[in-house]
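A.B. asks: Starting off with a structure, shown below.
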Amino acid sequence: MCGISGFINLDGTPAKAPVIRRMMSIQNHRGPDDQGVCLFSLAKGSAIELTPEDNSAHPEMSGALGFNRLSILDLSSHGHQPMFNADKSVMLAFNGEIYNARQFTSELQAAGYSFRSHTDTEVILYLYEHYGLEGMLARLNGMFAIVIVDLRKQEILIARDPLGIKPFYWTQTGSTLLFASEAKAFLAHPHFTPEIDQTHLSEFLAFRYVAGEDFLLKGVRQLRPGTILRITRDGPRIQPYWSIPDVIQKRKISHEDALDELNELFAASVKSQLQSDVPLGCQLSGGIDSSLVTTHARSNFNADLETFSVVFDDPVFSEEPWINEAAKVANAKSHLYTFTDSFFFETLSDASWHLDQPLNHPNSLGIWLLARESRKHVTVLLSGEGADEVFGGYTRFYYASMRPKISPWLPLLSGLPVLGKRIERQFGGDAINSFIGASQWMRPELLNQLSPDSTFAPALEKRRALFAEGQGNHLGNCLKYDMQTYMVDLLVRQDKMTMAHSVENRVPFLDRNLVQFARNLPDNCLVSDSIAMRDTRMRGSKVLLKQLAKRSFGDKFVYRKKSGFSLPLVKYYQDRRFKILMEDVLLPGMARRGLVDAGVVRNWWEKMVPANPGTNETFWIPIALELWAQRFIDPPRTQF
């Protein structure tokens with residue numbers, strides 16, 4: 001797990017070494033173990049690697065590639081990057097892990113390639129030489145952002161992993177094209193000026209994040225999962241190489257057979273992700289996903305690992321009893337770290353800086369705390385991220401599946417006292433808009449209050465276009481939409497919060513074989529097909545995965561109501577420190593910036609209802625926006 005920085009002056013202007021070094025310095029947390037800098041020229045087909053002290057001018061070189069290494073496999077200098085092939089015609093920078101890399105060493109050696117290291121980086125390099133870009137990508141199972149500078153073909157090739165586990169950003173300002181693992185690296189380049197892109201503001205305020213390739217910084221784009229950015233002297237070109245599979249004809253398989261196959265595939269995924277030359281542990285929340293990862297890693301393969309968890313003093317918010325039970329079942333040593341009020345206030349600004357975008361999920365601070373403390377023991381953490389989106393873990397998936405059964409009865413059901421309006425709201429109207437709206441945090445009427453100049457229609461239209469990329473049945477399209485939007489956002493925050501402390505996060509549920517298996521499952525293996533359900537929230541979703549969890553844990557553990565690591569936000573909003581922050585910093589900043597109505601924010605704050613968690617999270621959205629803007633937009637940005 002590492003950090004990539006780079007740029008190319010398409011007009012041939014010389015690339016300056018001090019600039020790339022400043023970009024790398026901003027991302028030093030992603031790779032404190034080693035650094036490498038190369039300058040190159042696509043036109044001349046040449047490159048040079050600079051020594052750490054070399055900042056001299058090289059007028060013939062118009063491109064720069066920098067790398068910060070976090071050593072995980074082969075800790076020796078043989079893993080140094082950027083890495084060159086034998087004749088120095090191709091260089092590669094790679095952030096991530098390829099779990100099936102060892103499968104290709106024998107065939108590559110037989111083809112004449114000589115290995116200098118035991119890294120997956122070198123395997124990727126030779127796969128590219130031997131099979132080309134598409135052939136290489138088709139063989140990789142893992143998480144990655146890869147930059148290849150092919151001096152023979154005079155092009156730069158950048159690829160992001162199929163599911164978006166590793167982030168990557170790029171932007172073009174004038175004739176300079178910049179790219180990096182974190183958007184904040186662009187702040188170090190003299191041609192880049194940070195501005196908020198207000199065309200994406202409504203989407204952010206409504207959904208708490210910006211989906212697809214868009215970003216809140218003007219001109220900055222996220223490289224979408226499963227996508228290649230191809231750069232030549234003529235400029236950039238985007239092309240997809242993989243998409244989440246659409247399945248028209250689902251497999252016919254019994255629940256029991258599906259359960260056995262799931263167990264086998266999941267076990268294989270966890271085993272493959274235990275590869276490491278540094279200490280490795282598990283991020284244990286107490287939910288079934290991270291608990292399954294922990295039990296498989298510890299029990300099935302006898303991995304000598306420990307677990308790391310965040311708890312609260314307040315039992316209403318703490319999952320400590322369930323964490324302790326999972327650790328006991330896995331027979332793993334458990335580390336618990338208490339989330340305090342002081343930690344919340346001390347960390348807000350720095351976490352916003354590291355996330356690159358507004359701290360949309362305030363509970364991201366829990367991941368920050370866990371990574372900071374666990375880094376004293378391990379360098380790699382396995383987590384349960386991705387299970388909900390792949391295996392249907394949200395109640396909205398159950399409702400989407402039930403819609404065809406309930407919609408014909410709406411004229412009758414909508415007249416029921418109390419329940420009628422709720423049923424109409426859940427199952428009436430357009431099916432796609434209904435599902436998209438289920439993950440929306442700010443309703444249009446509140447959005448209009450907060451930002452009168454905003455308009456929700458373009459955000460909805462964009463989201464519908466993303467939804468339309470699915471070509472399966474309605475449930476399958478709902479799952480694909482969430483995997484391409486909400487899940488990617490969660491993966492970005494998981495990466496940024498852990499890498500802020502030089503910790504690599506791995507996600508066994510997003511193994512490509514496991515994802516393909518899930519996409520082929522009958523719908524009732526993901527969400528229940530029963531309308532009459534005693535506990536819809538817990539028994540209607542993630543059906544097969546919960547049945548797998550029952551093999552290790554009892555019904556009480558599997559089917560309990562889970563808090564989802566909620567923070568006591570109202571308590572924080574009423575704290576003296578928050579009041580000072582609001583009055584002295586945030587409200588004046590909002591009024592000056594004019595993106596949201598500071599008076600409306602104040603009114604929401606004064607009328608805060610402790611019993612309404614949804615409202616409390618909605619209020620957080622403009623707070624997060626202003627915290628981020630003050631670190632990214634307002635000078636001085638003294639981070640480098």
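A.B. asks: Pairs, please: C-beta under 6 Å, at least 6 apart or cross-chain, first residue in a loop (DSSP other than H, G, I, E, B) and aromatic (F, W, Y) and in region 455-471, second modelled with pLDDT under 95 and open to solvent by less than 60 Å² (accessible area, probe 1.4 Å)?
C.D. replies: Here the result reads F456/P444; F456/L447, each pair linking region 455-471 to a residue that is modelled with pLDDT under 95 and open to solvent by less than 60 Å² (accessible area, probe 1.4 Å).
A.B. asks: Would you call F266 closer than 30 Å to K333 by Cα and under 22 Å from the mean Cα position of the chain (by Cα)? If you could, list the steps in order and put the result at the bottom.
C.D. replies: Values: closer than 30 Å to K333 by Cα: yes; under 22 Å from the mean Cα position of the chain (by Cα): yes.
When the stated conditions are applied, F266 passes them.
A.B. asks: A further question on this structure: Which of (1) modelled with pLDDT of 95 or more; (2) open to solvent by 10 Å² or more (accessible area, probe 1.4 Å) is the odd one out, the single condition D495 does not satisfy?
C.D. replies: (2)
A.B. asks: Also, quick follow-up: Taking the condition of being open to solvent by less than 10 Å² (accessible area, probe 1.4 Å) and within 20 Å of S541 (Cβ to Cβ), how many residues in region 368-397 meet it?
C.D. replies: Looking only at that region, the number is 8.
A.B. asks: Further question: Does L416 fit the bill of being loosely packed, with under 14 Cβ neighbours inside 10 Å and hydrophobic (A, V, I, L, M, F, W, C)?
C.D. replies: Considered against the rule, which asks whether it is loosely packed, with under 14 Cβ neighbours inside 10 Å and hydrophobic (A, V, I, L, M, F, W, C), L416 comes out as yes.
A.B. asks: Taking V147 as the residue in question, decide whether it is within 22 Å of S71 (Cβ to Cβ) and not in a strand (DSSP E or B).
C.D. replies: no
So that you can scan it fast, the table gives a plain yes or no per residue for (1) in a strand (DSSP E or B); (2) closer than 23 Å to R230 by Cβ; (3) open to solvent by 10 Å² or more (accessible area, probe 1.4 Å):
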{"residue": "I4", "(1), (2), (3)": "yes, yes, no"}
{"residue": "P14", "(1), (2), (3)": "no, no, yes"}
{"residue": "I20", "(1), (2), (3)": "no, yes, no"}
{"residue": "C38", "(1), (2), (3)": "yes, yes, no"}
{"residue": "A57", "(1), (2), (3)": "no, no, yes"}
{"residue": "N68", "(1), (2), (3)": "yes, no, no"}
{"residue": "K88", "(1), (2), (3)": "no, yes, yes"}
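A.B. asks: Run Y486 past the list (1) farther than 21 Å from D289 by Cβ; (2) open to solvent by 20 Å² or more (accessible area, probe 1.4 Å); (3) touching a residue at least 60 places away in the same chain (Cβ under 8 Å) and report the number of the one that doesn't hold.
C.D. replies: Only one criterion in (1) farther than 21 Å from D289 by Cβ; (2) open to solvent by 20 Å² or more (accessible area, probe 1.4 Å); (3) touching a residue at least 60 places away in the same chain (Cβ under 8 Å) is unmet by Y486, namely (1).
A.B. asks: Search region 115-142 for residues being among the aromatic types (F, W, Y) and either surrounded by fewer than 23 Cβ atoms within 10 Å (Cβ to Cβ) or modelled with pLDDT under 95 (or both), and hand back the single one that is farthest from E504 (Cα to Cα). Explain how you work it out, then say what you get.
C.D. replies: Applying the first criterion (among the aromatic types (F, W, Y)) to region 115-142 yields 115, 126, 128, 131.
The next check asks that each one be either surrounded by fewer than 23 Cβ atoms within 10 Å (Cβ to Cβ) or modelled with pLDDT under 95 (or both); those that pass are 115, 128, 131.
On the way: F115: 25, Y128: 25, Y131: 29 Å.
Looking at residues that are among the aromatic types (F, W, Y) and either surrounded by fewer than 23 Cβ atoms within 10 Å (Cβ to Cβ) or modelled with pLDDT under 95 (or both), I get Y131.
A.B. asks: Every residue in region 438-452 that is open to solvent by less than 20 Å² (accessible area, probe 1.4 Å), farther than 30 Å from S401 by Cα and assigned to a loop (DSSP other than H, G, I, E, B), please.
C.D. replies: S451
A.B. asks: Quick one: S254 ticks every box in (1) touching a residue at least 12 places away in the same chain (Cβ under 8 Å); (2) over 19 Å from F553 (Cβ atoms) except a single one, so which number is it?
C.D. replies: Result: S254 fails condition (1) only.
A.B. asks: Could you tell me which residue of region 40-55 is most open to solvent (accessible area, probe 1.4 Å), considering only residues that are in contact with a Ser or Thr (Cβ under 8 Å, 6 or more places away or on another chain) and among the aliphatic types (A, V, I, L, M)? Break it down into steps so the answer makes sense when it comes.
C.D. replies: First pass over region 40-55, keeping only residues in contact with a Ser or Thr (Cβ under 8 Å, 6 or more places away or on another chain): 40-43, 45, 47.
In the following step, the residues that additionally are among the aliphatic types (A, V, I, L, M) were identified as 42-43, 47.
Values: L42: 2, A43: 57, A47: 32 Å².
This residue is A43.
A.B. asks: Has region 258-277 got any residue that is exposed (fewer than 15 other Cβ atoms within 10 Å of the Cβ) and of a type outside the set (D, E)?
C.D. replies: Within region 258-277, not a single residue is exposed (fewer than 15 other Cβ atoms within 10 Å of the Cβ) and of a type outside the set (D, E).
A.B. asks: Are any residues in region 351-402 touching a residue at least 40 places away in the same chain (Cβ under 8 Å) and of a type in the set (D, E, K, R), and if so, which ones?
C.D. replies: Scanning region 351-402 gives D356, R372, E373, R375, E385, D388, E389, R396.
A.B. asks: Being over 15 Å from G287 (Cα atoms), among the aliphatic types (A, V, I, L, M) and open to solvent by 20 Å² or more (accessible area, probe 1.4 Å) is the filter here; which residues of region 307-335 pass it?
C.D. replies: V316
A.B. asks: Select the strands (runs of 3 or more DSSP E) contained entirely in region 200-244, then report the ones holding at least 2 residues which are closer than 17 Å to G132 by Cβ and among the β-branched types (V, I, T).
C.D. replies: 227-232
A.B. asks: Considering only region 280-306, how many residues are in a strand (DSSP E or B) and either closer than 18 Å to G393 by Cβ or open to solvent by 10 Å² or more (accessible area, probe 1.4 Å) (or both)?
C.D. replies: Looking only at that region, the number is 3.
A.B. asks: Okay, next question. For region 150-166, give me each residue that is in a loop (DSSP other than H, G, I, E, B) and either of a type in the set (D, E) or surrounded by fewer than 19 Cβ atoms within 10 Å (Cβ to Cβ) (or both).
C.D. replies: Just the residues of region 150-166 that are in a loop (DSSP other than H, G, I, E, B), to begin with: 151-154, 161-166.
If the condition is that a residue be in a loop (DSSP other than H, G, I, E, B) and either of a type in the set (D, E) or surrounded by fewer than 19 Cβ atoms within 10 Å (Cβ to Cβ) (or both), then R152, K153, Q154, D161 are the ones that fit.
A.B. asks: Among the residues of region 179-199, how many are of a type in the set (V, I, T) and either assigned to a helix (DSSP H, G or I) or free of Cβ contacts under 8 Å to residues at least 24 places away in the same chain (or both)? Let's see the steps before the verdict.
C.D. replies: Our first condition is that a residue be of a type in the set (V, I, T); within region 179-199, this holds for 193, 196, 199.
Right, trim to either assigned to a helix (DSSP H, G or I) or free of Cβ contacts under 8 Å to residues at least 24 places away in the same chain (or both) and you get 193, 199.
Summing the residues that are of a type in the set (V, I, T) and either assigned to a helix (DSSP H, G or I) or free of Cβ contacts under 8 Å to residues at least 24 places away in the same chain (or both) in region 179-199 gives 2.
A.B. asks: Something else: How about region 167-207: which of its residues are of a type in the set (D, E, K, R) and open to solvent by less than 10 Å² (accessible area, probe 1.4 Å)?
C.D. replies: Result: E182, K184, E203.
A.B. asks: Can you find a residue that is within 30 Å of A101 (Cβ to Cβ) and among the basic types (K, R) anywhere in region 267-275?
C.D. replies: Looking for residues that are within 30 Å of A101 (Cβ to Cβ) and among the basic types (K, R), one finds at least one in region 267-275, hence yes.
A.B. asks: Taking the criterion of being open to solvent by 10 Å² or more (accessible area, probe 1.4 Å), over 19 Å from S71 (Cβ atoms) and in a helix (DSSP H, G or I), would at least one residue in region 96-104 satisfy it?
C.D. replies: Yes, that holds for at least one residue.
So that you can scan it fast, the table gives a plain yes or no per residue for (1) more than 30 Å from D277 (Cβ to Cβ); (2) assigned to a helix (DSSP H, G or I); (3) among the basic types (K, R):
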residue: H377; (1), (2), (3): no, no, no
residue: G393; (1), (2), (3): yes, no, no
residue: M402; (1), (2), (3): yes, yes, no
residue: W409; (1), (2), (3): yes, yes, no
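A.B. asks: Next question. What's the number of the only condition in (1) touching a residue at least 40 places away in the same chain (Cβ under 8 Å); (2) open to solvent by less than 30 Å² (accessible area, probe 1.4 Å); (3) within 22 Å of G96 (Cβ to Cβ) that S243 fails to meet?
C.D. replies: Here S243 meets the rest and fails (2).
A.B. asks: Among the numbered criteria (1) assigned to a helix (DSSP H, G or I); (2) under 21 Å from the mean Cα position of the chain (by Cα); (3) of a type outside the set (K, R), which single criterion is violated by M136?
C.D. replies: Here M136 meets the rest and fails (2).
A.B. asks: If D529 meets every condition in (1) acidic (D, E); (2) closer than 19 Å to S202 by Cα; (3) at pLDDT below 95 apart from one, which number is that one?
C.D. replies: Among (1) acidic (D, E); (2) closer than 19 Å to S202 by Cα; (3) at pLDDT below 95, D529 violates only (2).
A.B. asks: So which pairs qualify, if the first residue must be in region 57-68 and of a type in the set (D, E, K, R), the second must be part of a loop (DSSP other than H, G, I, E, B), the Cβ gap must be under 8 Å, and the two must be at least 6 apart or on different chains?
C.D. replies: E60/P14; E60/K44
A.B. asks: When you scan region 576-594, do you find a residue that is assigned to a loop (DSSP other than H, G, I, E, B), under 24 Å from Q630 (Cβ atoms), within 30 Å of the chain's Cα centre (by Cα) and not charged (D, E, K, R), even just one? Before the answer, list the steps.
C.D. replies: Initial filter on region 576-594 (assigned to a loop (DSSP other than H, G, I, E, B)): 594.
Applying the additional criterion that residues be under 24 Å from Q630 (Cβ atoms) yields 594.
Right, trim to within 30 Å of the chain's Cα centre (by Cα) and you get 594.
Adding the requirement that they be not charged (D, E, K, R) leaves 594.
Scanning region 576-594, I find at least one residue that is assigned to a loop (DSSP other than H, G, I, E, B), under 24 Å from Q630 (Cβ atoms), within 30 Å of the chain's Cα centre (by Cα) and not charged (D, E, K, R), so the answer is yes.
The values are calculated or read from the model by the stated rules, or taken from the named source; none is laboratory data. Treat the numbers as computed from the prediction; the structure is a model and nothing was measured. Here Cβ is always computed from backbone atoms with ideal geometry, including for glycine, and neighbour counts include all displayed protein chains. These area figures cover heavy atoms from the full protein model, side chains too; ligands, DNA and RNA do not enter into them. Shrake-Rupley method; radii C 1.70, N 1.55, O 1.52, S 1.80 Å.
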